[in-house]
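The structure appears below as structure tokens.
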Amino acid sequence: MATATFGAGCFWGVEEAFRRLPGVLEATSGYMGGDVEKPTYQQVCTGRTNHAEVVQVEYDPAQIPYARLLEAFWKIHDPTTLNRQGPDRGTQYRSAVFTHDDEQAREASEMKRKLDESGGFGRPIVTEITPAGTFWRAEEYHQRYVQKNGGAGCHI
């Protein structure tokens, strides 16, 4: 089993999108990249904790390679909008890949470079690629939000 962490705006739909991929064992909504220990949703929503809403993905690399997770990440959000996804605005909604080892950092950086050079998004990609820090699991009502709420969510 391996771990990958992505920030692509509102975590509800992002979690559901990753959960649907064969080889993904678990997708968990949470927070990463900030300055406050054990942040709450209310704190993160202020934009003052520096956390991003993220989804931490546990996956089987024998069934789904990290590159496939990256491909899904680029498709489920707009990586060209700084601190914004759709109507959601703030640093907590930034596009981010939090890497868990040097190989993930290399793959993410290389794929970002190739996508940028291709011009496929029409604007420069602003996704940050940084080493993973502490993952703080979001409150239980955020977990499997789309499933619990009849398909309501974002990015799906």
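The values are calculated or read from the model by the stated rules, or taken from the named source; none is laboratory data. Model, not experiment: these values are computed from the prediction. Backbone-built Cβ (ideal geometry, glycine too); neighbour counts: all protein chains shown.
Some points to look at:
Per-residue answers, yes or no, for (1) of a type in the set (Ser, Thr, Tyr); (2) at pLDDT below 95; (3) in contact with a helix residue (DSSP H, G or I) (Cβ under 9 Å, 6 or more places away or on another chain):
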position	(1), (2), (3)
Phe18	no, no, yes
Leu21	no, no, yes
Gln43	no, no, no
Arg89	no, yes, no
Glu103	no, no, yes
Glu110	no, no, no
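- Test result for Gln92, touching a residue at least 40 places away in the same chain (Cβ under 8 Å) and touching a Cys at 6+ places or on another chain (Cβ under 8 Å): yes
- Among all positions in region 85-100, there is at least one residue which is crowded, with 22+ Cβ neighbours inside 10 Å and of a type in the set (Phe, Trp, Tyr).
- Annotation: of all residues in region 131-156 being surrounded by fewer than 17 Cβ atoms within 10 Å (Cβ to Cβ) and of a type in the set (Val, Ile, Thr), the one that is modelled with the lowest pLDDT is Ile156.
- Scanning region 75-84 for residues that are hydrophobic (A, V, I, L, M, F, W, C) and either buried (at least 16 other Cβ atoms within 10 Å of the Cβ) or more than 24 Å from Arg48 (Cβ to Cβ) (or both) yields one hit, Ile76.
- In region 115-146, residue farthest from Pro79 (Cα to Cα) [restricted to those that are touching a helix residue (DSSP H, G or I) at 6+ places or on another chain (Cβ under 9 Å), among the polar types (S, T, N, Q) and assigned to a loop (DSSP other than H, G, I, E, B)]: Gln143
- Which listed residue, of Ala72, Ala62, is at pLDDT 95 or above and either exposed (fewer than 14 other Cβ atoms within 10 Å of the Cβ) or in contact with a Pro (Cβ under 7 Å, 6 or more places away or on another chain) (or both): Ala62
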